[in-house]
Amino acid sequence: MKHAALDVLGNGAFRARRGVALGLASVFVALLGGLGANASAQYPDKVVRVVVPFGPGGSTDAVARTASQRLAEYWGKPVIVENKPGGNGTVGTAGVAKGPADGYTILMGVFAHAVIESLYKTTPYKLERDFIPVIEIGKTPQLLLVHPSVPASNVSELIGLLKAQPGKLNFGSGGNGSASHMASELFLAMSKTSAAHVPYKSSGQALNDLAGGQIQFMFDSVFTSLPLVKAGRLKAIGVSTARRTNLVPDIATVSESGIPGYESSVWFGFFVPTGTPKEIVAKLNTDLAATLKAPAVREVLLGQGLEVVAGTQDEFAATVKGEVDKWRTVIEQNGIKADN
């Protein structure tokens, strides 16, 4: 009886101690959750950096600075832009991937990020593994441009010309894997035509040669090419986006005028390293959307050739995945390699 009584007493004490331990664990978990919620509620409480993995002065830099400035005004806290060029954007991108996942370092992501991993055998990061898409800032449409001497005034006529002279016409781009190159390769693949690629060190150089008649067609940003169109030095026969753009509403899309389903655009968006608290990611998306949708901000970005998107985090994640998959297929099927 004595031993039985001791056993009963011991089991009860054990259950009591176990109950206390579980209770303390629950309190600890709740405390951690409260600290996490409190941290996100206070975010940001110090300087936020936006890393642009390219040099200053380009379109990526301009869009990043506009979005960052407006976000700083919205928060009343400093948001600074840092340019970290090198390795076709891989140096700055890898630096963010390896940095702290606390919401205080943001990557300015662009179209090139959906292409680079398929062009190179190895990269120091993986976009879908190492980053969380936060928000798509917007898209820049490209124009399908031809030299005035080319006897094509619309997409269907250009396709007819390419089929009649397979491989004879030349198209330019800003280099292998550039937005202008990929838009053209997609165009040729979907129209089942062929042409000779002439890569340049920049799309600006290609655009100058197109205006000079050294090449016959190319895709280029509506912002940079429109002045040449207005001057009569180039003909714009199609818009690359799925819908017509407010920048040139009278120009039909490639999709509606010759290649149904065609879509290619230069997108810009913010990413944070994987592991960033979801509350901070949600706040970034909400606050950025609020600033980007303001009419004054839309007007500024439209002046930079950008149509604001500012959708949800899930929508941007789906866009990124779709872009990575689409351009991987184009690169593999066409045997596209990176520039040496």
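The values are calculated or read from the model by the stated rules, or taken from the named source; none is laboratory data. As the structure is a prediction and not an experimental result, all values here were calculated from the model. For neighbour counting, all protein chains shown are included, and Cβ atoms are generated from backbone atoms with ideal geometry for every residue, glycine included.
When each of ASN208, ASN285 is tested for being assigned to a helix (DSSP H, G or I) and not assigned by TED's automatic domain parsing to the domain that holds GLY109, the lone residue that passes is ASN208. For region 50-83, a residue qualifies if it is surrounded by fewer than 20 Cβ atoms within 10 Å (Cβ to Cβ), among the basic types (Lys, Arg) and touching a residue at least 24 places away in the same chain (Cβ under 8 Å), and exactly one does: LYS77. Among residues of region 86-106 that are on the phi < 0 side of the Ramachandran plot, those with a beta-carbon under 8 Å from a residue that is of a type in the set (S, T, N, Q) and assigned to a strand (DSSP E or B) at least six positions away or on a different chain give the pairs GLY92/ASN83; VAL96/THR105; GLY99/THR105. Pairs are defined by a Cβ separation below 6 Å, a sequence spacing of at least 6 or placement on different chains, a first member in region 161-175 that is on the phi < 0 side of the Ramachandran plot, and a second member that is surrounded by fewer than 18 Cβ atoms within 10 Å (Cβ to Cβ) and hydroxyl-bearing (Ser, Thr, Tyr); the pairs so defined are PRO166/SER194; GLY174/SER202.
With respect to THR253, determine if the residue is within 26 Å of SER191 (Cα to Cα), buried (at least 20 other Cβ atoms within 10 Å of the Cβ), outside the structural domain of LEU161 (by TED's automatic domain parsing) and not aliphatic (A, V, I, L, M). When the stated conditions are applied, THR253 passes them. Taking the numbered list (1) outside the structural domain of ILE135 (by TED's automatic domain parsing); (2) in contact with a Gly (Cβ under 8 Å, 6 or more places away or on another chain) in turn, PRO227 passes all entries but (2).
In region 230-246, the qualifying residues are those that are touching a residue at least 40 places away in the same chain (Cβ under 8 Å) and surrounded by fewer than 19 Cβ atoms within 10 Å (Cβ to Cβ), and the one that is farthest from LEU210 (Cα to Cα) is ASN246. Close Cβ contacts (under 8 Å, 6 or more residues apart or on different chains) running from residues in region 120-143 that are assigned by TED's automatic domain parsing to the domain that holds ALA67 and part of a loop (DSSP other than H, G, I, E, B) to residues that are buried (at least 24 other Cβ atoms within 10 Å of the Cβ) and modelled with pLDDT under 95 are absent.
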